[in-house]
1. Is it the case that residue 284 is crowded, with 18+ Cβ neighbours inside 10 Å and assigned to a strand (DSSP E or B)?
2. For the stretch 262-281, give me each residue that is within 16 Å of the ligand (Cβ to nearest atom) and either part of a helix (DSSP H, G or I) or farther than 14 Å from residue 318 by Cβ (or both).
3. For the stretch 17-136, please list each of the helices (runs of 4 or more DSSP H) lying entirely inside it that holds at least 3 residues being modelled with pLDDT under 95, out of contact with any helix residue (DSSP H, G or I) (no Cβ under 6 Å at 6 or more places or on another chain) and more than 26 Å from residue 411 (Cβ to Cβ).
4. Would you please list the contacts, defined by Cβ atoms under 6 Å and residues six or more apart or on different chains, that run from a residue in the stretch 223-237 that is without any contact (Cβ under 8 Å) to a residue 60 or more places away in the chain to a residue that is within 11 Å of the ligand (Cβ to nearest atom)?
5. So, residue 374, is that one within 16 Å of the ligand (Cβ to nearest atom), in contact (Cβ under 8 Å) with a residue 12 or more places away in the chain and closer than 23 Å to residue 16 by Cβ or not?
6. Just to check your reading of the model, which residue among 18, 47, 58 is under 18 Å from the mean Cα position of the chain (by Cα), assigned by TED's automatic domain parsing to the domain that holds residue 326 and either closer than 30 Å to residue 121 by Cβ or more than 9 Å from the ligand (Cβ to nearest atom) (or both)?
7. How many residues does the stretch 148-162 contain that are touching a helix residue (DSSP H, G or I) at 6+ places or on another chain (Cβ under 7 Å) and in a loop (DSSP other than H, G, I, E, B)?
8. From 387, 330, which residue is away from the ligand (no atom under 16 Å from the Cβ) and either without any contact (Cβ under 8 Å) to a residue 24 or more places away in the chain or part of a loop (DSSP other than H, G, I, E, B) (or both)?
Ligand SMILES: Cc1cc2nc3c(=O)[nH]c(=O)nc-3n(C[C@H](O)[C@H](O)[C@H](O)COP(=O)(O)OP(=O)(O)OC[C@H]3O[C@@H](n4cnc5c(N)ncnc54)[C@H](O)[C@@H]3O)c2cc1C
């Protein structure tokens, strides 16, 4: 059996960062990913192909239905991000005594973080920003993980994978890890940790139906909510007993002057309500196909509104939701239960009122305004620091670590990638120190 210094399970931003950093340090690394390298993005069907259950992973019980987007491909959910870059929230990590300043700064340089010029931000975003500021809010351009030299105006394809390579995704780190000697095992689903005398010594699972196992001196789980099943089977029963999804809600309206169907998602917006109320407001709206599904989930009587998919001006509120719900690792189609708490609903409603004011200001009539049901794009906090892992991200089983959105101590209520990459860089420094 092959022996590695580090086996990393899951190639999203958390896993790809650890793999890249350890490969750069000369360690023998295996990156195991259950999905494939699906390159043909750019349309709805191919995007669905890289998501668990084609993007239709929903809660148990079915009503009220909560949909959460879960990746199933090389690069994880980062292939579909809007490219919105927000640094690790200090208030969340201060509470557990972790300072990510140095790693966040390092990550910011790698991830092409910067604000876009007006022509790439787009007129619709600029007009929304002006309208919000006229109403007394404090909107500004938002940092993005975008290479402005490769990006083009009037394009909203970040969430469709960006075929131009203008948007950073974890694949850049994964590929760099391989260029520095790491091995990538695609279509390799890890199910169990191999534990000997209280220490993790490897992992086992299957590759295209055939059993596989890999021995390693250190094991890092970066498979998001996938970590829960492996940890519980290894005896860590606390994993996934509650979690967060950063509930988001879209509100769209039809303005005679603009629409957001072909502009950079989340290129402007505001964080002014984050410290006090735990939410952010950013312009972004589902693609026509996502909109159709979300309208159907709201109620079949709303489906005809899908014909206006390219006319909507859309905004989103994203909240720090309460830790609530549970992961069900043995259920493929209903792998969690989760619904917004009372406080979550209040936050969403407060953000919703702000969004409606902005939409009215740009000319949207009340009868054109549609509010979609809350959904989640950031499954997180299943293996929280202080609960399932310690501040070094190590579990109760020696040499077994978690590093991805699962370790955040509570809902971030913000885009996650920058935080997870910073955590990956921090863990890599610790892992290297254990080899000295
Ligand atoms: C539509 C959308 C837009 C977003 N936009 C932004 C944005 O603009 N900015 C931002 O910062 N964040 C954004 N996010 C959030 C961000 O993409 C995720 O929070 C981030 O990718 C989480 O990284 P991760 O490493 O925790 O896990 P993931 O990206 O979820 O990766 C986990 C990986 O593990 C693999 N895996 C799972 N189980 C197993 C197993 N048993 N064996 C092997 N492999 C396994 C999966 O296939 C996946 O590749 C967005 C998310 C979505 C869905």
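The values are calculated or read from the model by the stated rules, or taken from the named source; none is laboratory data. Quick caveat: nothing in here was measured; it's all calculated off a predicted structure. We place every Cβ from the backbone using ideal geometry, glycine too, and count neighbours over all the protein chains shown.
1. no
2. Those that are within 16 Å of the ligand (Cβ to nearest atom) and either part of a helix (DSSP H, G or I) or farther than 14 Å from residue 318 by Cβ (or both): 263, 264, 267, 268, 274.
3. In the stretch 17-136, the matching helices (runs of 4 or more DSSP H) lie at 44-49.
4. 233/192
5. Details: within 16 Å of the ligand (Cβ to nearest atom): yes; in contact (Cβ under 8 Å) with a residue 12 or more places away in the chain: yes; closer than 23 Å to residue 16 by Cβ: no.
In short, no.
6. Residue meeting the stated conditions: 58.
7. Of the residues in the stretch 148-162, the ones touching a helix residue (DSSP H, G or I) at 6+ places or on another chain (Cβ under 7 Å) are 148, 151, 153, 159-161.
From what's left, in a loop (DSSP other than H, G, I, E, B): 148, 151, 153, 161.
Final tally of qualifying residues: 4.
8. Result of the check over 387, 330: 387.
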